[in-house]
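Structure first, commentary second.
The values are calculated or read from the model by the stated rules, or taken from the named source; none is laboratory data. Quantities reported herein were computed from a predicted structural model and do not represent experimental measurements. Reconstructed Cβ throughout: ideal geometry from the backbone, glycine too, with neighbour counts over all protein chains shown.
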Amino acid sequence: MALPRIIGHRGAAKHAPENTLVSIRVAAAQGASWVEVDVKLSADGVPILMHDDRLDRTTDAKGPVSARSFEELRKLDAGGWFHPAFKGERVAALSETLELCLELGLGINLEIKPCPGRAEETAGIALSMALGIWPQDRPPPLVSSFDPLALSMARQVVPAWPIGYLVDRRPADWAAQADALGAATIHVNARRETAQTIAEYRATGRPVLAYTVNNPAAAKEVLGWGVTGVFTDTPEALVKARV
Ligand code: G3P
Ligand code: MG
């Protein structure tokens, strides 16, 4: 699997409102060849991009994301909270996100980020849709999640697509879990890792991706440990520093 060195995190979250189409465009303009986005469902089961379970931080509304229909979500402002220049930016649908990545020639990491209790449903619906949109002659999306139920469902719905085993504090049985999920890659929190732990992951034969690395010196350090690529809110900073 050809993996990138720099992956725009939530698009380019330092420069544009995270998980929106404009954020993906900015990441591409800054030189990222891949982006990572967080995928969850509206109340009526439409896959959208949003990190939090609640609307409060990244829209002009409040309350749980899963209480709003797609039509209701589309009326919200998902840009003005970040900067007035982005006012009017809409909550992104997964479908248009995939179309945009295809148009821009970007690779994509779909992080399934289900609202509570909706892991299998979210992975099932989102990945069935993605399978219908993503052409077979393009390298497939990389699917990751902190939720093992979401990853098990991914194995069933898109068996040919690579799965990223995503961890924050790694559990004692991380290697067995990665095996059980058929993981192709391991995605780790850069701040919790050392040269030693990265070597342990790599000893399983899997490439490692590390999040979220915005400081070029920190990026160079983890890449020096054998990490293949980093998720960053600022592709520009890492590109400029020739990371
Ligand atoms: O997928 C890498 C990273 O995005 C995981 O953490 O909370 O930023 O989605 P989070
Ligand atoms: Mg994420």
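Brief remarks on what is shown
- Options PRO139, PRO135, PRO116: the member that is over 23 Å from ASP44 (Cα atoms) and in contact (Cβ under 8 Å) with a residue 60 or more places away in the chain: PRO139
- Restricting attention to segment 195-206 and to residues that are out of contact with any helix residue (DSSP H, G or I) (no Cβ under 9 Å at 6 or more places or on another chain) and touching a residue at least 24 places away in the same chain (Cβ under 8 Å), the residue that is nearest to ligand 2 (Cβ to nearest atom) turns out to be THR197.
- In segment 28-45, of all residues being buried (at least 19 other Cβ atoms within 10 Å of the Cβ) and hydrophobic (A, V, I, L, M, F, W, C), the one that is nearest to ligand 1 (Cβ to nearest atom) corresponds to VAL37.
- Under the condition of being hydroxyl-bearing (Ser, Thr, Tyr) and surrounded by fewer than 14 Cβ atoms within 10 Å (Cβ to Cβ), the residues counted in segment 52-100 number 1.
- Yes/no for ILE112 being within 24 Å of ALA67 (Cα to Cα), within 16 Å of ligand 1 (Cβ to nearest atom) and at pLDDT 95 or above: yes
- Test: ARG138 is under 23 Å from ALA180 (Cα atoms) and basic (Lys, Arg): no
- Residue in segment 130-146 that is within 15 Å of ligand 1 (Cβ to nearest atom), surrounded by fewer than 15 Cβ atoms within 10 Å (Cβ to Cβ) and more than 18 Å from ARG10 (Cβ to Cβ) present: no
- Selection of first residues in segment 1-25 that are without any contact (Cβ under 8 Å) to a residue 24 or more places away in the chain and over 18 Å from VAL39 (Cβ atoms) and of second residues that are within 15 Å of ligand 2 (Cβ to nearest atom) and not aromatic (Phe, Trp, Tyr), restricted to Cβ pairs under 9 Å at least 6 apart or on distinct chains, gives an empty result.
- Flag for ALA32 being assigned to a loop (DSSP other than H, G, I, E, B), away from ligand 2 (no atom under 16 Å from the Cβ) and aliphatic (A, V, I, L, M): no
- Segment 173-218, residues that are charged (D, E, K, R) and outside any helix (DSSP H, G or I): ASP173, GLU193, ARG206
- ALA27 under 23 Å from PRO207 (Cβ atoms) and at pLDDT 95 or above: yes
- Counted residues, segment 178-194 - those being among the small types (Gly, Ala, Ser) and within 16 Å of ligand 2 (Cβ to nearest atom): 1
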